[in-house]
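Chemist: Quick one: the structure is below, and I'll ask about it shortly.
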Amino acid sequence: MEACGPCRVPRRPAYAPQGAVAGADSRARDVIDRAVVAKGGLATLKGVRTLVAEATTTFQTPQGPVSSSSTSTVAYPDRMRVDGKVANVSVVQAYNAGTAWVSDPSGVHDVPAEMGEGFADSMRRDLITLLVGAAQGTTPVGLLPEEGAEG
């Protein structure tokens, strides 16, 4: 394998034969290849089953600081759940392969179609989902034109 300049990252790992990334030119393929390698390789990315992220945030409001906390869980390939608490109010948002719902102080509710599509979009934008799809050729990728320093 040929290495990429001073970074020494292989240009085309064995998992991504020429033309494997749908709709991508060789520069886009190189970006995907390097990103997959930097994340541990395709086998590692495909082996991720669950990802959990916890966050604590403080918002500054006119009434003073308000704390919030959340735990986001992604279960690959197509499920996610966000448990959040803001000012002692708990909310859960969940998505399971096209079905979405929320739980809030007023109960459990199916979400409007637009909100459910937003959850689906979040799953499609997930970095692991994007890299695996691009490396396998199921997610089309390409480079956008340069916009320059003012773009």
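The values are calculated or read from the model by the stated rules, or taken from the named source; none is laboratory data. Nothing here was measured: the structure is a model prediction, and the numbers come from that model. Please note: Cβ atoms are built from the backbone with ideal geometry, for glycine as well, and neighbour counts cover all protein chains shown. The area values use the complete protein model at the heavy-atom level, side chains included, leaving out ligands, DNA and RNA. Shrake-Rupley method; radii C 1.70, N 1.55, O 1.52, S 1.80 Å.
Chemist: In units of 2.2 N^0.38 Å, what is the alpha-carbon radius of gyration of the stretch 81-151?
Modeler: Working it through for the stretch 81-151, the quotient is 1.54.
Chemist: Let me check something: with ligands and nucleic acids excluded, how do Glu117, Glu54 order by accessible area (1.4 Å probe), largest to smallest?
Modeler: Glu54, Glu117
Chemist: Can you tell me the dipole magnitude for the stretch 14-134 around its Cα centre, using point charges on the Cβ only (Lys, Arg +1; Asp, Glu -1), in Debye to the nearest 20?
Modeler: Computed charge dipole of the stretch 14-134: roughly 440 debye.
Chemist: Next question. Please identify the trypsin sites (Lys or Arg not before Pro) of the stretch 26-116 that satisfy two criteria: DSSP loop assignment and at most 12 other Cβ atoms within 10 Å. Which are they?
Modeler: Sites meeting the loop and neighbour criteria: Arg49.
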